[in-house]
Structures are given as C-alpha cells and as structure tokens.
C-alpha cells in the first residue's frame, strides 16, 4: 500500500494482532523508510516486512510520455498545480536494499519484478526471507528459480498496481484459479492477495492453497492507515473499480473517477515517468479533498472494508476464517 | 456449456455422481432440447436442470454488424465457407419456456437476463426452481426481487459468455470478492461459478459463501462432453484466455487464437446477430479441426481440466473439497 495508506502505526497494529505488518518502501526516500523501520522497532518486537519496487527498463518512448503530459496541461491549469518532471528513476533500489539488509527485517517482499539470484542470496545471508509478487505461472517459476522463499500470488481482484514483472501482461487471473495453477507448478508457500476483505475470503484462499492471506483495502478504513480522507468516504460505496495507467503509467486498480475516465485511453505504459508527471496534480487533489482527481486505489471488494482499529480487523479476519472453515468442513462431512 | 460441450450423456453422468447435471438449451431448437430432456429421463431418475438464454434488445446497429460482416468476408473465403445471416432472434424463448414448464424439470437457470416475476411465478407453479445468473450486486438484487430461488454467481474467471444482464458491463469481478459482496446484500443460496476446476477450488467457494459450485471447463475433457477434438488437445496447455466479442457479438472468455487476435477489436456488441453471422465459419473450422478459427471457450483454470469420465471428475471434486476443508479447519484450530 505504497503512496499513502501504509504507515508504521498500521504495521505496528497488525503485528499486535498476530499478523505480519508491512511497510511500503516504494516512492519513499531511503531515510524516510529507515525512519519508519525505526518507528516500528521502537513500538514492538513483532516481526514485520518491507516491500520494495524492483526497477525495470523504461517502458515508454519519451515522446509518448511527453504527449500524455501535453494532454494533462489543461488538467494542471484546472487544478492550479504544475506537472512533475517525468523522470525515469530506480526508486533508490541499491540504497533500499542496503537498508533492509543492514536492518535485517524479517521479510522483504518485491513488486514489479524478480530480484536476481545474487540479490536474494545477499538477503538470505542476513536471514531475511524473500517474497516475490507474481501474477502468473511463468513469473512463479522464475521467482522459484531465483530462490524466493515464498510467492505473493496477486489475483486480478487486487487494488493498486498489478505487481507482476511486465506491465504488458494485462489484468491477470482471478485469485482462486491463479492459486490453483501456481500451486500445481511451484512448491513454495503462497501468500494470497487480491480482493480479500473478510474472514470468509481468508478461509477461501487457504482452501485454494495459500499459506497466508495478505490484505490491503480491508485495512484502509483503520484509523492507523494513511488513507486520504476523501477516499475514506467513498470506500464503502458501490463504486466500480477498473485497471488504468492514467495515474502512473502502469496498470493499477482504482475506483472509477473523473481523472480515470478522461485520461485512461490516452495513457501509455510509462512507469515511473508518468507517476512523477502526475504526482503534483494528485497531491494537490488529495490536499483539496477532490476525489475525482487523484488515484483511488482499491480492490474489488472495497465495499467490505470496515472502519475499525487495525488490530480489531486482523483479529476479526482470523476468527471469522476459523469459524467459516469449521462450518464448511462440518457441512461437507455430512453423509 | 451451450454450443457443444453440453450433452445428455454429460448430464446423466454428473447426476450419477450425485451432482446436478445441466442441459444447455441455448442455440438449440426446441425439439432438440425436448429430445435431450427425454434422453436424460430415459437414463436416470436423478434431477437435472436446463439453462435458457433470456432474449434481449438488439445490441448493435445493423450497419455495425454489416461492417463486421464485410471484414469477415476474407475470413470466409479463406475457409471456403459462407457467412451466416446476421439475424436477431429470441432463441425460441416462449417455446422453450413452455417445454421446461410442461416437462417440470427440477431447475431452470437463466443466462443473459432476468426473467420477469410473471415468468418465474409460472415456473414456480410447476414446482420448478429458478436460478438466475448474475455478475454484480445490482443484478443479484434484481433477481431476488423477481423471486429467483438461487443465484448463479459468475466470477470474471468463467469461460464462455459473461452471463449477466448487459453486455456493456465488461469483465466482471473475481469470484471470491463477488461472492462476498453478493452474500452481504442478498439472502439467497449462491451457486458459484468461474474458474473452479478442482476440489480445493470447490472448498474455497463454499468458504466464500456459496451453497454449491458449478463447473464447466473442468468437465470439458470428459468423454461424455461434446468438446471439439481440436480444443481437447489445447485445454491442458498454458494458453492465456481473454474476453472477446469477435465470435458472437457478446463478451465471452476463450483461449486466445488467431481469429480472436485478428477480429477482437473490430467486433461490435451485437448478439445474437454476430453469433449467427460467424456460425457457419466456426462450424467449418471445427469440422476441419482448425482451432485457430473457432471459439475455444474456456475458463481461466482450463489447464487443470482432467481427461476422466464425468462421474469420476464430480466424485473427485467432492472428495477433494471435503479433504481440503477438513485440513484447513484443523490447521486453523491450532493454538
């Protein structure tokens, strides 16, 4: 949940409930990530993870990005904001790797690509477990071959960015089907993610072969989450979600709003250049509370998010999963 | 599984395993459906269902359909076949309703729309249970208000046609998220469908709130299924699926092939006119065994389909679901 919802407070509360909290290192400076790690450590001895973005090659020709920027000039004027520099960067990849290695966090998960075998070995030498986000069977096999310890299996239902290796892959596969396909090909622990918003869904993904469930949107109404106020008001509403490149140049699922509708078709694949291009517009819209002009990342089950403390949410999901699994097991035992 | 895979033999075998077999009445003449009902009744006393297509308004302007037909002329010449008449029809709606009412089949399920309250009442008077296929919460509420007895909740993973009320709805929602959203809004038994190919997936959808699982692709390699030979060879392969209107003018999920790639973008929403237009081409391609030129409907988990007798498949799914649910329940009981 990079870009806002992820906070140290959220990771702390999740850990207090017996869950594995995560810090999103993407989009943040390395010192900011270091400060968040220190904040979690100061509050709890519970293990937690850090999520890193794997840098990729530039995805769009500069002229496509420039054309999209030209289109957004009117949007910027309308908002009284300036477009950002559409720069290509690596999100401080090496510095963040150094940081998590030095800090020996319990788990480092990766999004947008598979780290090399060398990188994974280096983390293993620090006793750090490596999880890689995958969206299809090919990526799962590649992550296994690079010696990942677990796979975060992201279904098409997931909010935010598609976490796979290639932005051209499209919308992905539904979570149950994907878990079954991956489980058949790769013998690694699977962490299911995508549209999991309550305990029944947790029980469902465990039946489908996952060792654990990873939730994002389900925590977005917790007071500990950094969810923008304007988005909090909309999450419980029956607003459809869609995949779009309009905000960042990389496919991501968000609630449909004006910016998405107006710019989706024009947006090229061009992450992170377009992320930087639209950044100031999005920040201005968030500050104004204009939910029609920034990214409302959310999974397909966002209406089920509950405004509860994160600790209560995690405990509820666990208890409900336990109850539902027992009920289904009992029902199926009947002659 | 209209248009080929559905056969009386398949419904009979599913019933023998304790499942509820279905006959697909869509695309068939009423006498042909009557003959299939008689064939099932002659072989078994087990209950079974019949699936009907609800007719809708014409979806495309005739000139859009004509333009698509013009584009397909080259395809027809290449195959030495003729295009069909792009006619608008109602799939013998009234005659088929009369048939299933007269025959008092156990269940009639509906696809592509919600029958009126009057139609449902008429079926209820014949002690026929009415199931309506839904793809979102709005459709679920409409079906409940029309007095449906159960909802077939179709996830985005499903092979073949999107079964919802409106072709403009797009790709739908992943099955777990959709089940959770529908279960919260509508108190009716839910039949889960979409990408369910093994017992673990059955256990998963039961945990997610379904009362039953409906499988299609999982049965397509059974000898009793009418699956085209050329498609049988491809089902176990890791070929991606996509939604397309290229074959029928209505969104349906199939394995990607040449016809889909070449014509997808040009195809308007125009069911059943385009279904009739391409029918002879598809029949010719099936007869030649040319899997690049007919519709390879399949769900997202098609690689998991097993070449077993249908009775063995249904029994395996049941036994594996029971085992998996018990394992997960036990695992979650641990302190």
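The values are calculated or read from the model by the stated rules, or taken from the named source; none is laboratory data. The structure presented is a predicted model; accordingly, all values stated were derived computationally and were not measured. For neighbour counting, all protein chains shown are included, and Cβ atoms are generated from backbone atoms with ideal geometry for every residue, glycine included.
A few points about this structure:
- Checked against (1) within 11 Å of chain A (Cβ to nearest Cβ); (2) over 18 Å from the mean Cα position of the chain (by Cα), residue B:122 meets all criteria but (1).
- Breaking point among (1) over 18 Å from the mean Cα position of the chain (by Cα); (2) outside any helix (DSSP H, G or I); (3) within 20 Å of residue B:27 (Cβ to Cβ), for residue B:283: (2)
- For the stretch B:263-270, the criterion of being surrounded by 23 or more Cβ atoms within 10 Å (Cβ to Cβ), touching a residue at least 40 places away in the same chain (Cβ under 8 Å) and under 26 Å from residue B:55 (Cβ atoms) is satisfied by at least one residue.
- Identity of the residue in the stretch A:249-261, without any contact (Cβ under 8 Å) to a residue 40 or more places away in the chain and assigned to a helix (DSSP H, G or I), that ends up farthest from residue A:164 (Cα to Cα): A:258
- Of the residues making up the stretch A:173-194, just one is within 17 Å of residue A:302 (Cα to Cα), in contact with a helix residue (DSSP H, G or I) (Cβ under 6 Å, 6 or more places away or on another chain) and either more than 8 Å from every other protein chain (Cβ to nearest Cβ) or assigned to a strand (DSSP E or B) (or both), namely A:192.
- Considering B:274, B:313, B:239, the condition of being at pLDDT 95 or above, part of a loop (DSSP other than H, G, I, E, B) and on the phi < 0 side of the Ramachandran plot is satisfied by B:239 alone.
- Residue within the stretch B:275-287 that is in contact with a strand residue (DSSP E or B) (Cβ under 9 Å, 6 or more places away or on another chain), surrounded by 20 or more Cβ atoms within 10 Å (Cβ to Cβ) and closer than 22 Å to residue B:54 by Cβ present: no
- In the condition set (1) part of a loop (DSSP other than H, G, I, E, B); (2) touching a strand residue (DSSP E or B) at 6+ places or on another chain (Cβ under 6 Å), residue A:27 is compliant with all but (2).
- Top-ranked residue in the stretch A:262-271 [being touching a strand residue (DSSP E or B) at 6+ places or on another chain (Cβ under 9 Å) and in a loop (DSSP other than H, G, I, E, B); ranked as farthest from residue A:221 (Cα to Cα)]: A:267
- Being part of a loop (DSSP other than H, G, I, E, B) and outside the structural domain of residue B:140 (by TED's automatic domain parsing) holds for only one residue in B:246, B:197, and it is B:246.
- With respect to (1) more than 13 Å from the chain's Cα centre (by Cα); (2) within 13 Å of chain A (Cβ to nearest Cβ); (3) farther than 19 Å from residue B:248 by Cα, the lone exception for residue B:170 is condition (3).
- Filtered residues of the stretch A:292-309 (kept if in contact with a strand residue (DSSP E or B) (Cβ under 8 Å, 6 or more places away or on another chain), away from chain B (no Cβ under 14 Å) and in a loop (DSSP other than H, G, I, E, B)): A:295, A:296
- Test result for residue A:277, closer than 23 Å to residue A:195 by Cα, in contact with a helix residue (DSSP H, G or I) (Cβ under 6 Å, 6 or more places away or on another chain) and not assigned by TED's automatic domain parsing to the domain that holds residue A:8: no
- Among the candidates A:249, A:216, the residue that is crowded, with 24+ Cβ neighbours inside 10 Å and closer than 24 Å to residue B:183 by Cβ is uniquely A:216.
- Residue among A:38, A:13, A:32 that alone is assigned to a helix (DSSP H, G or I) and crowded, with 18+ Cβ neighbours inside 10 Å: A:13
- The stretch B:45-67, residues that are touching a helix residue (DSSP H, G or I) at 6+ places or on another chain (Cβ under 6 Å) and either surrounded by fewer than 18 Cβ atoms within 10 Å (Cβ to Cβ) or assigned to a helix (DSSP H, G or I) (or both): B:55, B:65
- Per-region count, the stretch B:310-335, residues surrounded by 16 or more Cβ atoms within 10 Å (Cβ to Cβ) and within 9 Å of chain A (Cβ to nearest Cβ): 10
- Scope the stretch A:141-161; condition within 14 Å of chain B (Cβ to nearest Cβ) and surrounded by 24 or more Cβ atoms within 10 Å (Cβ to Cβ); matching residues: A:153, A:154, A:155, A:156, A:157, A:158, A:159
- When residues in the stretch B:116-140 are screened for being part of a helix (DSSP H, G or I), free of Cβ contacts under 8 Å to residues at least 40 places away in the same chain and crowded, with 17+ Cβ neighbours inside 10 Å, 4 of them pass.
- Flag if residue A:226 is surrounded by fewer than 18 Cβ atoms within 10 Å (Cβ to Cβ), more than 12 Å from chain B (Cβ to nearest Cβ) and over 20 Å from residue A:132 (Cβ atoms): yes
- Of all residues in the stretch A:197-214, those being more than 21 Å from residue A:149 (Cα to Cα) and facing chain B (nearest Cβ under 7 Å) number 6.
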